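Please read the structure below before turning to the comments.
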């Protein structure tokens, strides 16, 4: 082949002084090809890199360290690092305790279950997780989702409290199993299918929904709808306006919310005062509890926490449903909750890993998060994950390692053991105020505006998810988000872009004439670039689109009496792959062009494509000397023939 | 921007004599952008092109011609064309009549329903269809699918014949509705999601399954399984071996099958004798019927057709279920059958259109095929579509237009009116032999081998569909085929390729060093090409893959004590689009590189990408002078700095 293409390139020495031939990559072994594909798909991050060329004992230690990263970073742990972790851990503990109590209510569970979930899971994560900045515990979206899904199975969470709780633990258990399984099977990339835009919309919608749910505690309403959509909630709120609102509750709620928002504002204005919003919730809890205790406002209808179990997590192993009707329900709810929890945790982990420039193995993280939820489900916890707001506080308070999670866990342990009775007089309104001020930050207008600026289709996905959550339910919103995201991917593989190229003045570079209006077409030659792999899903479209470009161009040429089109150059640089349907489409294109007496020419096919062009004998069909390294070479080979004929 | 980039390009006049700036396409109106996307997605073939700038009366005529293409080509119809159509029509009629009777049995319907389906639908298609070569009628795969699906709803098609028939008409009606709807909504591209490889496998599997089903008639077995998988069928065959086979039937079957296969062989050897296999079935029916009539072999246990209704299609409008339980079943079966029927018809239409170089509007074809099935369902027909084998005979017999379908239809009409009683003594064995010889051609070893050579993944899809159909059922096979096809598309958007580029000797061209081993890397510069749009589904992978290339390269550089990597050039020619997740990934990549003191440089972003890089301020973040038109320009800009520092 070498000799032939060299001789063909020497045919017009005056035009192209040196034409490099198109490379045909060395034939690959079938097994190697398969191995490479599997490796790129499932082991793209090359997790066994450090194991290579190591003695067996070292491999064992490395393996242990891979499962328990604490064994690796623990060896270089120092007092200086501990100081950072101690401060950060105390700060996030003071933030999480009041949030936990509120989030437990969101999941229709008793308040202590929130604290349980901030005790065991962070401990497990500290040993197995590889993120240094994530703060583990209950977060706003997961209990909302869990509450909605569980309520759709068990109508009355108060009357059937035990059954409800058991289903919650079952869902948590299977959420953990799902996460571990995804991690072990290295299917972590599945969570990438929820696009950033969809997450922004979903989170914003969930925040609005959660805030609306808090109106119950905030306004002291007794009869409240169980649905989460805005229409039902507003109906509940206004229906109860005349006799259901409690003014004392509203006074407490509004004044504390103002305080919390002001604290947030201070923290935002001056980064060094980040601790003000971080301890704000705890202060407001203490103040309001003391106030209610003094004034006994609970006798005037201000709802309070009343009772909170003392002591650490009881075992819940025998409460998980492993058979019967509830097993399947638990599995279903668990899978959905697992995916949402993963999406949030991995996004947080990646964000902070990028900030401090360390690598995060998504699959390993999933195993850690899953294990912590499995253990959690056996110790009376519901689904825990990484909290964005608390992780940010953790980061800003100077956390160094996952030890900050251990510190937080210890503080929660002390709280459970000694302080819970003090929460008796804590008004529900302060919990509502804390949750509202926490979730308000999830409505990210800037991100939505940026999405609008960058990609209109993404914006539709974002708004679809947002309005789906707000006006229908969390599930519907999620479904809309996933569907739109998938539709976009399918659109990409079905309707790829094509472009007409022209020569940039004073260069040998050919570019899209829509992007470079100064680029000039070569008379008698039509140059089309195909911007995608040619697969069964788009091969027919690409063939017909190229023919349509040709028809358009011929009309134009006829009108302006320019020379007839005699060559169609297909620039294949972006065509990374082609399958049998794609080869068929090229053959059909070639035949159609032959009938019109137009020569098909290919420029720069990649390694996979040139390999398949040869395997299918298409290269022989159009002639190997019709395949060029660059568009410039192809045009140079066409031009003399054009000159001859004119 | 013009001045700034010109000045930046003039910084190193000795290296790059002229550096063209990267074009920023003119800002598009949001509405226009949206319109263009919708147009490319749903009206890619520009169907209203001929309507442009026409007076209203002309538009009306064009509209009528669009719905009934016969009004267009009918005006130039001539006697010469009619001669071709007359011969072709008679040939396909002689082929279809025996096939129809056999296919009706495959769908568990009485034999006359096959002939009904060859009478009405071809007539309708002739007026509305735009393919000149397709032969309409019942085909092997559709009745097999219909038979399987209907039997899964109605267990005994003999005992509940009337109910079974009604459900068949209902399914046919909704198959037509589905096809018309897909065509009107211009969703024709949906059938492109069944890849060529999957179809080859599916068809091969269906052919084997159909041939196995024929063993019942071929061996004269009375008790036969209702399942279609090879295990159940072979079990049936061997279980009945001792007392269930009829030697007279076998003699008839084997001798006629040999005759038919020999006729096929002759037709293949000598293209001019194509009519031999075409009339073979009719001759064998006549011979065997006469033989049974003379010998009264039916008294010795040779099964015969016995009775066949005389007269044309009775109305079946009032037999379609428009309510009740059966409605939903009919809709479900109809949708599946519609998709398979469309896939076959469109593939045939496109193949012959490419051979004769005329355009086929897939969406218009769907409307035509759908209408013909809707009318068919009201006149006692089941789902009809284009038959590949008969279309090929039609083409070779010299058909000119869809008039050949009208001729065939008239012959079938005459058969129904006058000849059906003569089929009484036709042995079932001859019908089985005809079907076996017809479907055997659907097992396409050459195509499967070509698929193996071109794309191993396609081959897996092909084999998956094949074995799914043969060992499980038509439905399972179809499901496997669609799943594997989708998985491949998802793989493409999740794990795109990346490549390290090097400079080809004696050129300014940079290419994949795996494809061009002679290409040399530029010291201190790593050039990576990303071969896909950067979307949420792959943005994270791309970022991490680029960083891994960098780590690998740095290890290599350290070992060989070459200059340190100082620049990372990302060649973006194949990156046709980027979304918000993609921009985030680039930002994270930029930050990681900053920490390592490596400068990120982009080469040749396309129009959409450069637009979004500016909208998101990423271009400003890395510096607009870090974005170059070509890799060569980018390298030229890096080199002087490298020289300074070494």
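The values are calculated or read from the model by the stated rules, or taken from the named source; none is laboratory data. As the structure is a prediction and not an experimental result, all values here were calculated from the model. Methodologically, a virtual Cβ is constructed for each residue, glycine included, from the backbone with ideal geometry; neighbour enumeration extends over all protein chains shown.
Things worth noting here:
- Some residue of the range A:487-500 being closer than 24 Å to residue B:633 by Cα and either modelled with pLDDT of 90 or more or within 14 Å of chain B (Cβ to nearest Cβ) (or both): yes
- Taking the range B:609-619 as the range and being part of a helix (DSSP H, G or I) and either more than 12 Å from residue A:455 (Cβ to Cβ) or more than 8 Å from every other protein chain (Cβ to nearest Cβ) (or both) as the test, the residues that pass are B:609, B:610, B:611, B:613, B:614, B:618, B:619.
- Complete set of residues in the range B:548-588 that are surrounded by 20 or more Cβ atoms within 10 Å (Cβ to Cβ) and part of a helix (DSSP H, G or I): B:580, B:581, B:582, B:583, B:584, B:585, B:586, B:588
- Scanning the range B:222-243 for residues that are surrounded by fewer than 17 Cβ atoms within 10 Å (Cβ to Cβ) and not in a helix (DSSP H, G or I) yields B:222, B:223, B:226, B:227, B:241, B:242, B:243.
- The range B:620-633 - residue that is in a helix (DSSP H, G or I) and touching a helix residue (DSSP H, G or I) at 6+ places or on another chain (Cβ under 9 Å) and, of those, nearest to the other protein chains (Cβ to nearest Cβ): B:633
- The condition of being crowded, with 22+ Cβ neighbours inside 10 Å, in the same structural domain as residue A:131 (by TED's automatic domain parsing) and either farther than 29 Å from residue A:257 by Cβ or modelled with pLDDT under 90 (or both) holds for only one of A:380, A:404, that being A:380.
- Identity of the residue in the range A:466-486, buried (at least 22 other Cβ atoms within 10 Å of the Cβ) and within 12 Å of chain B (Cβ to nearest Cβ), that ends up farthest from residue B:577 (Cα to Cα): A:481
- Breaking point among (1) more than 22 Å from the chain's Cα centre (by Cα); (2) crowded, with 22+ Cβ neighbours inside 10 Å, for residue B:132: (1)
- Boolean, residue A:32 is within 14 Å of chain B (Cβ to nearest Cβ), modelled with pLDDT of 75 or more and surrounded by fewer than 16 Cβ atoms within 10 Å (Cβ to Cβ): yes
- The condition of being assigned by TED's automatic domain parsing to the domain that holds residue B:87, at pLDDT below 90 and not in a loop (DSSP other than H, G, I, E, B) holds for only one of B:279, B:286, that being B:279.
- Single residue of A:122, A:138, A:157 found to be assigned by TED's automatic domain parsing to the domain that holds residue A:412, modelled with pLDDT under 90 and either surrounded by fewer than 24 Cβ atoms within 10 Å (Cβ to Cβ) or under 24 Å from the mean Cα position of the chain (by Cα) (or both): A:157
Let's see how each residue does on (1) in contact (Cβ under 8 Å) with a residue 24 or more places away in the chain; (2) within 21 Å of residue B:416 (Cα to Cα); (3) part of a helix (DSSP H, G or I):
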residue	(1), (2), (3)
B:108	yes, yes, no
B:115	yes, yes, yes
B:121	yes, yes, yes
B:124	yes, yes, yes
B:134	yes, no, no
B:139	yes, yes, no
B:143	yes, yes, yes
B:146	yes, no, yes
B:149	yes, no, yes
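- Exactly one residue out of B:468, B:477 is farther than 30 Å from residue B:298 by Cβ and modelled with pLDDT under 90, and it is B:477.
- Against the list (1) free of Cβ contacts under 8 Å to residues at least 60 places away in the same chain; (2) buried (at least 18 other Cβ atoms within 10 Å of the Cβ), the condition residue B:524 fails is (1).
- Matching residues, the range A:590-603, being touching a helix residue (DSSP H, G or I) at 6+ places or on another chain (Cβ under 7 Å), more than 9 Å from chain B (Cβ to nearest Cβ) and not in a strand (DSSP E or B): A:590
- The requirement of being farther than 20 Å from residue A:108 by Cα and modelled with pLDDT under 85 is fulfilled nowhere in the range A:166-182; no residue meets it.
- The range A:604-619 - residue that is without any contact (Cβ under 8 Å) to a residue 40 or more places away in the chain and in contact with a helix residue (DSSP H, G or I) (Cβ under 8 Å, 6 or more places away or on another chain) and, of those, surrounded by the most Cβ atoms within 10 Å (Cβ to Cβ): A:613
- Candidates B:575, B:509, B:569 - the one that is in contact with a strand residue (DSSP E or B) (Cβ under 9 Å, 6 or more places away or on another chain) and away from chain A (no Cβ under 12 Å): B:569
- Of everything in the range B:512-528 that is touching a helix residue (DSSP H, G or I) at 6+ places or on another chain (Cβ under 8 Å) and over 17 Å from residue B:566 (Cβ atoms), the residue that is nearest to the other protein chains (Cβ to nearest Cβ) is B:515.
- Qualifying residue in the range A:67-84 (condition: closer than 25 Å to residue A:366 by Cβ and surrounded by 24 or more Cβ atoms within 10 Å (Cβ to Cβ)): no
- Some residue of the range B:251-268 being assigned to a loop (DSSP other than H, G, I, E, B) and surrounded by fewer than 17 Cβ atoms within 10 Å (Cβ to Cβ): no
- Taking the conditions (1) crowded, with 21+ Cβ neighbours inside 10 Å; (2) away from chain A (no Cβ under 14 Å) in turn, residue B:188 satisfies each one other than (2).
- Qualifying residue in the range A:46-63 (condition: on the phi > 0 side of the Ramachandran plot and at pLDDT below 75): yes
- Residue in the range B:456-465 that is within 14 Å of chain A (Cβ to nearest Cβ), touching a helix residue (DSSP H, G or I) at 6+ places or on another chain (Cβ under 8 Å) and not in a helix (DSSP H, G or I) present: no
- Residue A:272 being under 33 Å from the mean Cα position of the chain (by Cα) and over 19 Å from residue A:98 (Cβ atoms): yes
Rundown of residues vs (1) within 11 Å of another protein chain (Cβ to nearest Cβ); (2) part of a loop (DSSP other than H, G, I, E, B); (3) over 30 Å from residue A:632 (Cα atoms), yes/no style:
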residue: A:41; (1), (2), (3): yes, no, yes
residue: A:44; (1), (2), (3): yes, yes, yes
residue: A:47; (1), (2), (3): no, yes, yes
residue: A:50; (1), (2), (3): no, no, yes
residue: A:53; (1), (2), (3): no, yes, yes
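- Filter pass, residue B:532 being within 14 Å of chain A (Cβ to nearest Cβ), within 13 Å of residue B:497 (Cα to Cα) and either in contact with a helix residue (DSSP H, G or I) (Cβ under 8 Å, 6 or more places away or on another chain) or assigned to a helix (DSSP H, G or I) (or both): yes
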